[in-house]
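Student: Below: one structure in structure tokens.
The values are calculated or read from the model by the stated rules, or taken from the named source; none is laboratory data. Predicted, not measured: the structure shown is a model, and the values here were computed from it. Ideal geometry is used to build each Cβ from the backbone, glycine not excepted, and the neighbour counts take in all protein chains shown. Ligands, DNA and RNA are excluded from the accessible area calculation, which covers all protein heavy atoms including side chains. Shrake-Rupley method; radii C 1.70, N 1.55, O 1.52, S 1.80 Å.
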Amino acid sequence: MLRISHANYELLRAHGEQTYPYECCGVLLGRNLGETNEVVQIVAAGNTRTDSAHNRYSISPVELIRIQRQARALELDLVGFYHSHPDHPAQWSATDIAEAHWLGCSYVITSVAKGKADVTNSFLLRGSSEDDKHFEDEAIEIIITETSMTEKTEAK
């Protein structure tokens with residue numbers, strides 16, 4: 001299961017809207033609690049793909065190392081990644097599985113339809129090596145806090 005606050009959930013979805021019609025991408029920092037990846041912070045990353053940013057993403061190694069150092073300083077783990085699928089379903093693609101290498105991490109995909117975040121799904125990368133890695137559907141638990149309830153009420 002992926003556990004994420006309502007505020008962080010909305011931030012990653014908004015990131016997809018901001019970068020539309022290109023894919024957004026970012027990193028999920030938090031704690032691995034056995035069968036649950038708990039997100040404490042999301043870190044938006046730049047999509048370095050210049051050849052097909054509308055349907056591919058890549059995070060530069062330099063940026064990824066900076067994010068890993070940030071996580072270590074906060075005593076957090078890298079628990080996943082997120083990206084958007086502009087005008088395509090929130091399902092993983094052959095490219096997504098081929099380019100996923102962090103076993104045990106959550107991979108969150110948001111479908112952005114005509115500039116608006118639509119469906120968000122999460123997939124857990126399972127396996128013991130590159131040879132048997134595979135995605136499994138992963139439930140998302142959105143934590144509603146008093147702060148996010150206040151923000152939600154004020155937004156109406």
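Student: How many percent of DSSP beta bridges within the chain run antiparallel, rounded to 5? The partial results should precede the final answer.
Tutor: Values: 26 of 39 bridges.
Restricted to the chain, the bridges split so that about 65 percent are antiparallel.
Student: Leaving out ligands, DNA and RNA, and with a 1.4 Å probe, what % of the accessible surface on the chain is carbon or sulfur?
Tutor: Details: 4460 of 8490 Å².
The C+S portion of the solvent-accessible surface of the chain is 52 percent.
Student: Using only DSSP helix segments of four residues or longer, with each worth -39500 (n - 2.57), what per-residue ellipticity at 222 nm results for the chain after dividing by its residue count and rounding to 500?
Tutor: For the chain, the value works out to -8000 deg cm²/dmol.
Student: If contacts are Cα pairs under 8 angstrom and at least 6 residues apart, what is the relative contact order of the chain in percent? Spell out each step's value before the answer.
Tutor: Details: 325 pairs, mean separation 39.7, N = 156.
Over the chain, the number comes to 25 percent.
Student: Follow-up. Apply the Kirkwood formula to the range 13-111: the hydrodynamic radius equals the inverse of the mean of 1/r over all pairs of different alpha-carbon atoms; give it in Å with one decimal.
Tutor: Values: mean 1/r = 0.0727 Å⁻¹.
It works out to 13.7 Å.
Student: Which residues make up the longest stretch of the chain clear of GluC sites (Glu not before Pro) that lie in a DSSP loop with no more than 13 other Cβ atoms within 10 Å, not counting the sites?
Tutor: On the way: sites that count: Glu35, Glu75, Glu99, Glu130.
It works out to 36-74.
Student: Can you pull out the chymotrypsin sites (Phe, Trp or Tyr not before Pro) in the range 94-125 that DSSP calls coil and that have at most 16 other Cβ atoms within 10 Å? Kindly include the intermediate steps, with their values, before the conclusion.
Tutor: Numbers: sites: Trp102, Tyr107, Phe123; in loops: Trp102.
The qualifying sites are Trp102.
Student: Quick one: which residues, 5 or more positions from His85 or on another chain, have an amide H under 5 Å from its amide H? H modelled 1.01 Å from N in the peptide plane, none for Pro or chain starts.
Tutor: So His85 has HN proximity to Thr110, Ser111, Val112.
Student: Further, regarding this structure: Please go through the range 68-153 and write out the trypsin sites (Lys or Arg not before Pro) that DSSP classes as loop and that have at most 15 other C-beta atoms within 10 Å. Each step should come with its number before you reach the end.
Tutor: Numbers: sites: Arg69, Arg72, Lys114, Lys116, Arg126, Lys133, Lys152; in loops: Lys114, Lys133.
Answer by residue number: Lys114.
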